[in-house]
Amino acid sequence: MLVTGGNRGIGRAIAEAFLANGDKVAVTTRSGGAPEGALDVRCDITDAAQVDAAFAQIEEAHGAVEVLVANAGITADTLLLRMSDDDWSSVIDTNLTGSFRLARRASKGMLRLRRGRIVFISSVVGLLGSAGQVNYAASKSGLVGMARSIARELGSRSITANVVAPGFIETDMTGVLTDEQKAAIKAQVPLSRFGSVDDIAETVLWLTGPGAAYVTGAVIPVDGGLGMGH
Ligand SMILES: NC(=O)c1ccc[n+]([C@@H]2O[C@H](COP(=O)([O-])OP(=O)(O)OC[C@H]3O[C@@H](n4cnc5c(N)ncnc54)[C@H](OP(=O)(O)O)[C@@H]3O)[C@@H](O)[C@H]2O)c1
């Protein structure tokens, strides 16, 4: 399996869960630091040539990638009026187009295998919206249309494509929030707490395992109830 951004946060927890499950795990990042036991591959997902080279390296070591978890993502938050073209395009290029580059390259091997699981890590914000995150929310909701189209296109070859939509999870990405912002978020969450990275990893493990063979085109919320109904 391959998880992008597996050196920290949610991606690392996903990599560790698959390693504990006895799977062959490859992790791609820009800066290195994959967990022990994983194949550590350097790849900036904004560059199609680097994505292609990373897959070639992984296929050489592990064979075709059967499970792709497109997790790497960034934020560049600011209000609409102040949002620069670069704030917009860097987030779309990483979160949405990067995931497209990965899925396109992964589908090659999956089509040959006639099986595969693709999981996109979106966000509750993709369907709920969020002031100051016009770029991020657009990138994350775009993953839903992409997953559902892939689910239709590749379903007959036993390839599933699903979306996991985390709520607020304790990682570097949410570490930048102020205490007031954290308290305001918790007040909106029915389970009254932030999620842990393991909450997401367990869901991804299930979604790519035998128990979810008949699940495709789904958006699975793991958000303590924050996005209920969206
Ligand atoms: N934390 C939350 O509350 C939360 C909630 C909803 C959704 N999510 C989503 O979950 C995913 C992981 O979030 P996180 O909180 O674990 O993030 P994080 O701690 O900030 O880690 C982001 C990861 O993405 C990698 N990355 C960023 N840009 C990249 C690029 N151009 N090419 C390759 N790798 C790149 C980073 O690795 P390098 O810097 O080494 O490349 C890093 O491993 C993201 O898609 C995020 O949007 C997070």
Report the one residue of A34, A131, G229 whose Cα lies farthest in the direction of the positive end of the charge dipole of the chain (charges on C-beta: Lys and Arg +1, Asp and Glu -1; origin at the Cα centre).
G229
In debye to the nearest 20, how big a dipole does the chain give about its Cα centre with +1 on each Lys and Arg Cβ and -1 on each Asp and Glu Cβ?
840 debye
In the chain, carbon and sulfur make up what percent of the accessible area (probe 1.4 Å)?
51 percent
Apply the Karplus parameterisation 6.51 cos²θ - 1.76 cosθ + 1.60, with θ equal to phi minus 60°, to every residue of segment 76-82 and state each ³J(HN,Hα) to the nearest whole Hz, in sequence, with x for glycine and proline.
8, 6, 5, 5, 3, 4, 9
Just name one of G155, A183, A165: the one whose Cα is farthest towards the positive end of the charge dipole of the chain (beta-carbon charges, Lys/Arg +1, Asp/Glu -1).
G155
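For the chain, with every protein chain kept in place, what is the accessible area per residue (1.4 Å probe, Å²)?
In whole numbers, the chain has 48 Å² accessible per residue.
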Low-density loop GluC sites (Glu not before Pro), segment 1-82, at most 14 other Cβ within 10 Å, DSSP non-H/G/I/E/B, are E36
Taking placed amide H atoms and a strict 5 Å upper bound, the residues 5 or more places from V67 or on another chain that come that close are L2, R117
Taking placed amide H atoms and a strict 5 Å upper bound, the residues 5 or more places from G6 or on another chain that come that close are T28
Set the Förster distance to 22 Å, then compute FRET efficiency between A48 and I74 from the Cβ-Cβ distance, nearest 0.05.
0.80
Search the structure for amide H atoms under 5 Å from the amide H of I220, placed 1.01 Å from N in the peptide plane, and list their residues when 5 or more places away or on another chain.
V163, V164, A165
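Accessible area, 1.4 Å probe, largest first: how do R30, R101, R112 sort?
Ranked list, largest accessible area first: R112, R30, R101.
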Pick out which of G132, G73, G33 has the largest mean-square fluctuation in a Gaussian network model of the chain, springs linking Cα atoms closer than 10 Å.
G132
For the chain, what is Rg from Cα atoms divided by 2.2 N^0.38 Å, rounded to two decimals?
0.96
Karplus (6.51, -1.76, 1.60) ³J(HN,Hα), θ = phi - 60°, over segment 138-152, in Hz, Gly and Pro reported as x:
5, 5, 7, 6, x, 5, 5, x, 5, 4, 5, 6, 5, 4, 6
Give me the net charge for the shell around N95: Cβ to Cβ below 12 angstrom, other residues only, Lys and Arg +1, Asp and Glu -1.
+1
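The values are calculated or read from the model by the stated rules, or taken from the named source; none is laboratory data. Note that the structure is predicted; figures quoted are calculated from it, not measured. Note: ideal-geometry Cβ built from the backbone for every residue, glycine included; neighbour counts use all protein chains shown. For accessibility, only protein heavy atoms count, side chains too; no ligands or nucleic acids. Shrake-Rupley method; radii C 1.70, N 1.55, O 1.52, S 1.80 Å.
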